[in-house]
Amino acid sequence: AQSVTQLGSHVSVSEGALVLLRCNYSSSVPPYLFWYVQYPNQGLQLLLKYTSAATLVKGINGFEAEFKKSETSFHLTKPSAHMSDAAEYFCAVIPGGNDYKLSFGAGTTVTVRA
Amino acid sequence: GAGVSQSPSNKVTEKGKDVELRCDPISGHTALYWYRQSLGQGLEFLIYFQGNSAPDKSGLPSDRFSAERTGGSVSTLTIQRTQQEDSAVYLCASTRDLYGYTFGSGTRLTVV
């Protein structure tokens, strides 16, 4: 069975500081991994995805994530936070094989301090 | 259309009434998902349609919930005899493959 754990339900960063959002998954096979962002009163927008190609994945808005099999992690980073990055971020996984269900972590809310 | 369209965007209903939520996926997308997002909680999987295969209904919380997808396109999620705990944002997503899920803006359901 797949599960996704996001460490920290809330993260507060200063504008210009590093953003680091943690995601760990459990899987017996290499999964497909995603990060989504949700701005207030909006749907989910795909930031980036890992599909067993390069382990360092670059996404939109300056975000990137690194797949580390040994740590079963897919942490999301952005070198310099902007006020517009304030949102909720979700890590998600698809097991692959015959299971195509997209399962989400509980989400991390990011606030950016001026 | 260019994106996944959900209607209505907001729905207020009285406890005990039935409601229907509609999702128009992106043309050509064979897979369609429904999720529920309750206040302060993550996204809860409800149901999954893939092509002509039998839907995966394992996430439906009770037999008051049902969904159908007509002609492999439009999907309707029906909640019968609504309860206050059904209040949530219901999100629909569609995809052509495993990598590119596109979400609609959701229907905010409030049961009073």
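Determine the sum of side-chain charges near B:Leu77: Lys and Arg each +1, Asp and Glu each -1, restricted to other residues whose C-beta is under 12 angstrom from that of B:Leu77. Summing Lys and Arg as +1 and Asp and Glu as -1 gives +2. Debye-formula intensities of chain B, expressed as log10 I(q)/I(0) at q = 0.13, 0.14, 0.17, 0.20 Å⁻¹, are -0.43, -0.50, -0.75, -1.03 (one equal scatterer per alpha-carbon, no solvent). Projected label points at B:Glu68 and B:Thr13, each 7 Å from Cα along the beta carbon direction, are separated by 1.6 nanometres.
Between A:Ala114 and A:Asn61, the modelled label-to-label distance comes to 2.0 nm, taking each label 7 Å out from Cα in the direction of the beta carbon.
Ordering B:Thr82, B:Ser94, B:Ala31 by Cα displacement along the dipole of chain B toward the positive end leaves B:Thr82 in first place; charges were set at the Cβ atoms of Lys, Arg (+1) and Asp, Glu (-1).
For the residue pairs A:Lys58/A:Lys101; A:Lys69/A:Lys101; A:Lys49/A:Lys101; A:Lys49/A:Lys69; B:Lys15/B:Lys57, alpha carbon separations beyond 18 Å are given by A:Lys58/A:Lys101; A:Lys69/A:Lys101; B:Lys15/B:Lys57. For the peptides A:51-57, B:28-34, the ranking by packing is B:28-34, A:51-57, with the highest mean count of neighbouring Cβ atoms within 10 Å listed first.
Computed from the coordinates by the stated procedures, all read-outs in this text should not be read as laboratory data. Note that the structure is predicted; figures quoted are calculated from it, not measured. For neighbour counting, all protein chains shown are included, and Cβ atoms are generated from backbone atoms with ideal geometry for every residue, glycine included.
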